[in-house]
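Read-outs: derived from the displayed coordinates by stated rules, not from any lab. Remember, it's a predicted structure, so these values are computed and weren't measured experimentally. Note: ideal-geometry Cβ built from the backbone for every residue, glycine included; neighbour counts use all protein chains shown.
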Amino acid sequence: MIKIAIADDHAIIRAGLAQIISETPDMRVVAEARSGDEAQDIILDAEWDVFILDISMPGKNVLDLIRIAKKQLPNRALLVLSSYPEEQYALRMLRAGADAYLTKADAPEKLIAAIRNISEGGKLTNPELTKKLFAEHITNPDYPPHHTLTDREFQVFCAISIGKRINDIAEEMALSSKTISTYRIRLLKKLKATTNADIVEYAMEFGLLD
């Protein structure tokens, strides 16, 4: 039996995933989380084989959750589920340690196949896409600047783009406000931006917001 945990801040998504999984005899949902903080508790305290993580939830950032899970439980599998297309986030999630990246537009059959695959130690990626993204990241000077952000800078970028304040971001990331401000300065420079409004505009331009 494959034991699955689900983290998504939308109840209807959690219910839909649970329904799909319940129709598969050798899989069952053992835990659900509504936020990144609840997901962290489940990662550390519950028995699960595959964790389905929404890419954007309140609380603990998904990149931090991936790092925590892979450090503490390297043999368990992580599937990131996103409303964003692969080209926006897949490479960053896979580099962080996720075993699979699917979009919410993918068919239920693909989700079940992915769960089964990664529970057995496999990886579910689009090899051609990953190869293309990596090559463009290395060789193309016109590649979108947000791909040059470090994971921490990217986390701060995402938080600012949805209107979070420096102090709130610092609390969520368990860092000082001064450190968050430093990340902000760095990412502004990389994006050739000057204000938080510029960050929001950039995120909208590249389809990085829901």
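Quick look at the numbers
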| read-out | value |
| --- | --- |
| For the range 100-110, Karplus couplings with θ = phi - 60° (6.51, -1.76, 1.60), whole Hz, Gly/Pro x | 7, 9, 10, 9, 6, 8, 5, 5, x, 4, 5 |
| Under-5 Å amide H pairs with S83, H placed in peptide plane, nonlocal only | I55, K104 |
| The range 145-205, dipole about Cα centre (Lys/Arg Cβ +1, Asp/Glu Cβ -1), debye to the nearest 20 | 280 |
| Tilt relative to the chain, helix 151-161 - C-alpha long axis, 0 to 90 degrees, to 10 | 80 |
| Inverse of mean 1/r across different Cα pairs in the chain, Kirkwood, Å | 17.8 |
| Of K60/K104; K71/K164; K71/K110, those spanning more than 25 Å from alpha-carbon to alpha-carbon | K71/K164; K71/K110 |
| Electrostatic dipole magnitude of the chain [Cβ: Lys, Arg +1; Asp, Glu -1; Cα centre; debye, to 20] | 740 |
| Positive-end residue of A18, T179, A69, charge dipole of the chain with Cβ unit charges | T179 |
| Long-range HN-HN contacts of E32 with modeled amide H, under 5 Å | I6 |
| GluC sites (Glu not before Pro) restricted to DSSP loop in the range 1-85 with at most 13 other C-beta within 10 Å | E23, E47 |
| Dipole-positive endmost among Y101, S83, I2 within the range 2-132 (Cβ charges, Cα centre) | Y101 |
